[in-house]
Amino acid sequence: MLLAATCGLTPLVPLARAETPVGLETSLIYLDAEEWAKQPAARKVALAADFMRIFCTDQTMPPATLAECLDRDRTTGPLLDRAIACVSAISGRHAP
């Protein structure tokens with residue numbers, strides 16, 4: 001699984017809305033590209049941090065970097081897939 005290799009996937013966590021931090025009404029995994037684009041910058045970083053907290057054991061990449069990648073990425077498709085691709089690309093550039 002790509003996510004496991006690039007993100008150090010934590011054991012599969014149930015994707016329940018109740019697990020999002022206080023103040024986040026949703027999670028990056030529930031947004032589509034249009035909804036992502038409407039979010040203010042601070043909220044995008046918070047959503048990216050939440051994604052990384054749930055899915056990544058190696059959290060050395062700043063959440064702002066993931067948010068910037070998602071802003072630049074014009075690929076269509078689920079935002080979750082785009083986030084995984086961004087983490088993979090960024091992690092690959094910084095691999096020893």
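All of the numbers you see were taken from the coordinates with simple rules; none came from a lab. Since we're looking at a predicted model, the values are computed, not measured. With ideal geometry, Cβ positions are generated from the backbone for all residues, glycine too; neighbour counts draw on all protein chains shown.
A compact table of results
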item	result
Over segment 35-82, relative contact order from alpha-carbon pairs under 8 Å, at least 6 apart, %	33
Distance in nm between pseudo-label sites at A42 and T26 (7 Å out along the Cβ direction from Cα)	2.0
Two-site FRET efficiency, A33 against T60, from Cβ-Cβ distance with R₀ of 30 Å, rounded to 0.05	0.70
Amide H partners (placed H, <5 Å) of C56, local residues excluded	T10
